[in-house]
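So the structure is just underneath, and the comments pick up after that.
Derivation of every value follows stated rules applied to the coordinates shown; laboratory data play no part. Since we're looking at a predicted model, the values are computed, not measured. Backbone-built Cβ (ideal geometry, glycine too); neighbour counts: all protein chains shown.
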Amino acid sequence: MGVLADTWIVNEARLGSMITPFARGRSRKGRISYGVSSYGYDFRLANEFRIPDFAGLKLLDPKRINELHFLNVEASSCSIPANSFALGRSLEYFRIPRNILAVCQGKSTYARCGLIVNVTPLEPGWEGYLTISLVNAAPVPIRVYAGEGIGQILFLLGEGDCTSSYADRSGKYQGQKRIQLARI
């Protein structure tokens, strides 16, 4: 396993080869910002959502997530019910090199409304659209907007290529093109 370097200054040319579509600027008047940030990239939410239907369900089991029915929604925004969640996907497609690990945090605009954005680390060698868990911790619904910023990716540069990448291990979420439910 490689050691992560202390710092890495974002190189827009390199980011542009890792992210499609790639947005250079950051200022978006009247919209939640996206694009290159100081040491990362603010990614956008696509217009595809999966809303869970909990009717008759007494337990959520990640080994049997397909038993939970999801409503597929395609819209310019999505209202996430109070104390619930929805799944979304990134507008951007990511290709992570063998010497980079990427981690994600939610945008502060949504955090101030009680939205928790959860994306697992983007491992070296992984590529695909992100499946995003959007958790509403507020007692009222929260609206999220497609085509606008939803989270920030921070890139950590390793001292060299990893010895075993996500692609080498044939990771089960490699190359995902849509919102992917849990796989075992």
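In whole Hz, what ³J(HN,Hα) sequence does the stretch 108-119 give by Karplus (6.51, -1.76, 1.60; θ = phi - 60°), x for Gly and Pro?
5, 4, 6, 4, 5, 9, x, 8, 9, 9, 10, 9
Which lysines have a Cα less than 29 Å from the Cα of LYS63, not counting those fewer than 8 places away in the same chain?
LYS172, LYS177
Sort THR131, THR163 so the one with the fewest other Cβ atoms within 10 Å of its own Cβ comes first.
Working: THR131 20, THR163 10.
So the residues, fewest neighbours to most, are THR163, THR131.
Quick check: residue separation of VAL73 and ILE116 times 0.36 nm, minus the Cα distance between them. What number comes out in nm? Don't skip to the end; give the middle numbers.
Numbers: separation 43, 0.36 × 43 = 15.48 nm, distance 2.00 nm.
Going from the current span to full extension adds 13.5 nm.
Pick from TYR173, TYR41, TYR129: which is most flexible by mean-square fluctuation in a GNM of the chain where alpha carbon atoms under 10 Å apart are linked?
Greatest mean-square fluctuation among the candidates belongs to TYR173.
Among all the lysines, which ones have a C-alpha under 20 Å from LYS107's C-alpha, if same-chain residues fewer than 8 places away are not counted?
Candidates past the 8-residue exclusion: LYS29.
Per DSSP H run of at least 4 residues, take -39500 (n - 2.57); add these up for the chain, divide by its residues and hand me the 222 nm value, nearest 500 deg cm²/dmol. Don't jump to the answer; show the numbers that get you there.
On the way: 2 runs with 11 residues, N = 184.
Roughly -1500 deg cm²/dmol at 222 nm, from the helical runs in the chain.
How high is the FRET efficiency between ARG28 and LYS63 when r is their beta carbon distance and R₀ equals 35 Å, given to the nearest 0.05? Walk me through the numbers before you get to the answer.
On the way: r = 40 Å, r/R0 = 1.15.
E(calc), rounded to 0.05, equals 0.30.
At a threshold of 8 angstrom on Cα-Cα distance, excluding pairs fewer than six apart, so keeping six or more, what relative contact order does the stretch 48-105 reach in percent? Write out the running numbers ahead of the final one.
Working: 46 pairs, mean separation 24.8, N = 58.
In percent, rounded to a whole number, it is 43.
Rounded, prolate or oblate: which fits the stretch 75-184 when a ≥ b ≥ c are the square roots of the eigenvalues of the alpha-carbon gyration tensor, with rounded for a/c under 1.5 and prolate only if a/b beats b/c?
Working: a/c = 2.46, a/b = 1.91, b/c = 1.29.
Taking the square roots of the gyration eigenvalues as a ≥ b ≥ c, the stretch 75-184 is prolate.
If you place +1 on the Cβ of every Lys and Arg and -1 on the Cβ of every Asp and Glu, how big does the dipole about the Cα centre of the chain come out, in debye to the nearest 20?
Computed charge dipole of the chain: roughly 420 debye.
At a Förster distance of 30 Å, what's the computed FRET efficiency of LEU154 paired with PHE54, Cβ-Cβ distance as r, to 0.05? Spell out each step's value before the answer.
On the way: r = 33 Å, r/R0 = 1.11.
Approximately 0.35, to the nearest 0.05.
Counting other C-beta atoms within 10 Å, which of ASP61, ASP161 has the fewest, and how do the rest follow? List each step's numbers first, then the result.
On the way: ASP61 10, ASP161 13.
Lowest count first: ASP61, ASP161.
In percent, what relative contact order does the chain have, based on Cα pairs under 8 Å that are 6 or more apart in sequence? Walk me through the numbers on the way to the answer.
On the way: 430 pairs, mean separation 53.8, N = 184.
So the answer I get is 29 percent.
For the chain, what percent of Cα pairs sit more than 22 Å apart?
Here the tail beyond 22 Å accounts for 47 percent of pairs.
Could you please rank PHE22, PHE85, PHE43, placing first whichever residue has the fewest other Cβ atoms within 10 Å of its Cβ?
Ascending number of Cβ neighbours within 10 Å: PHE22, PHE85, PHE43.
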